[in-house]
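Data first, discussion second: the structure below is written as structure tokens.
Coordinate-derived values only; no laboratory data. Remember, predicted model here, so these are calculated numbers, not experimental data. Cβ: placed from backbone, ideal geometry, glycine included. Neighbour counts: every protein chain shown.
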Amino acid sequence: MLRKQDATRVNFSQRLPYFSEAIKKNPEVFQILENSIDDICNYVHHIISTHGPSEYEEIKAFVDVLPLNHYPKTYPFASFVLNVQGSAVAHKDAGDKIWCVTIPFGQFSGGSLVLHEPGIVIERGIGDVMIFPSSNLTHFNLDFKGVRGSMILFSDRHGDDWVRFRNGWNEHLVVKAVKDVA
């Protein structure tokens with residue numbers, strides 16, 4: 001449409017999935033980080049695919065059609081965040097799709113996960129995997145002492161638009177074959 005309107009500049013990549021600037025500027029660091037989370041991500045993959053097969057199929061749909069044959073280590077999830085010394089107010093993650101996974105790490109005490117609506121406080125240790133619907137449950141962590149981090153795995157609901165019609169690029173992209181993950 002922009003080309004038909006005689007626009008002077010057309011940004012063809014603005015509607016394509018992309019890596020963050022931090023990853024683009026530090027690819028070696030990102031590769032080291034990705035490799036360091038490989039085992040825990042494989043474990044999470046096994047849990048999700050075994051105990052929630054229909055949710056697994058829905059979550060992985062976006063990752064299965066990413067361009068350039070990219071499969072993140074966090075498969076079936078498209079994204080991950082590392083929080084260090086992070087503390088958030090009670091919130092819901094409206095953009096998250098189905099589930100998120102949280103895994104605490106560090107040397108700390110406290111920091112229990114609170115799920116408000118069901119009235120649950122979960123004391124977790126290092127490496128404990130928690131899977132819950134972050135868009136439906138208000139959640140936060142209690143105060144902690146020490147050095148506490150958490151790895152969060154999630155997929156964005158907006159990936160559904162990419163799955164359906166590639167944000168308008170479906171006629172111009174070659175999509176890879178679906179990953180065979182056992």
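Some notes on this structure:
- Note that the stretch 26-32 has calculated 3J(HN,Hα) couplings of 9, x, 5, 5, 4, 4, 4 Hz, one per residue in order, obtained from phi through the Karplus relation 6.51 cos²θ - 1.76 cosθ + 1.60 (θ = phi - 60°); glycine and proline are x.
- Over the stretch 51-127, relative contact order from alpha-carbon pairs under 8 Å, at least 6 apart, %: 20 percent
- Note that the stretch 23-168 carries a Kirkwood radius of 16.2 Å, evaluated over its alpha carbons pair by pair.
- Extreme residue, positive dipole direction of the stretch 23-168, given options N42, P118, G86 (C-beta unit charges): G86
- Assuming charge only on the beta carbon of Lys and Arg (+1) and of Asp and Glu (-1), the dipole of the stretch 39-118 about its Cα centre is about 180 debye to the nearest 20.
- Radius of gyration, Dmax [the stretch 29-82; alpha carbons; angstrom]: 11.4, 34
- Here r is the Cβ-Cβ distance between S112 and F165 and R0 is 45 Å; the resulting FRET efficiency, rounded to 0.05, is 0.60.
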